[in-house]
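What follows draws every value from the coordinates through simple rules; no lab data is involved. Keep in mind that this is a model prediction, so the values were computed, not measured. Backbone-built Cβ (ideal geometry, glycine too); neighbour counts: all protein chains shown.
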Ligand SMILES: [Mg+2]
């Protein structure tokens, strides 16, 4: 898969762009953590809807179809935009939160126990 040329992705810069978008429209009044959490779930459901009734092996091919890929990109962007806005309104350091969670996951899922196995950590 080719990587498209473009601006380097910088989490803080993206957060700023998302915040500016909402501020320009005076939407911060609607962006409570409750509403944003529900919007993230709603957009996640829209992403899942694109794969609904699709067999697992077909779901791997779906992003190769240009029209489907565009729709997947839109829903992923919606989810990330709302996630970035949640980080904005809560003051959560998303980069640190991801690193902290990855560290916790690496302890829960040691490579020696879980490589190639799709099991929950309680079943390892
Ligand atoms: Mg959407």
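Using a Förster distance of 35 Å, how high is the FRET efficiency between residue 69 and residue 123, based on the Cβ-Cβ distance and rounded to 0.05?
Efficiency for this residue pair is about 0.55.
Can you show me the helix-derived [θ] at 222 nm for the chain, built from DSSP H runs with n ≥ 4 at -39,500 (n - 2.57) apiece and divided by the number of residues, rounded to the nearest 500.
Calculated mean residue ellipticity at 222 nm is -21500 deg cm²/dmol.
Classify region 11-92: rounded, prolate or oblate, from the alpha-carbon gyration tensor (a ≥ b ≥ c, eigenvalue square roots; a/c under 1.5 rounded; otherwise prolate if a/b is larger than b/c)?
Judged from the Cα gyration tensor, region 11-92 comes out prolate (a/c at least 1.5, a/b above b/c).
Determine, for each peptide in 48-54, 113-119, the mean count of other beta carbons within 10 angstrom over its residues, then list the peptides with the highest first.
Taking the mean over residues of other Cβ atoms within 10 Å, the ranking is 48-54, 113-119.
Which distance in nm do the two modelled labels at residue 26 and residue 111 give, with both placed 7 Å along the Cα-to-Cβ direction?
Reported label-point gap for residue 26 and residue 111 is 5.4 nm.
Taking Cα centroids, how far is region 31-61 from region 84-98 in Å?
Result: 20 Å between the Cα centres.
Where does each of 73-81, 90-98 land if you order them by average Cβ count within 10 Å, highest first?
73-81, 90-98
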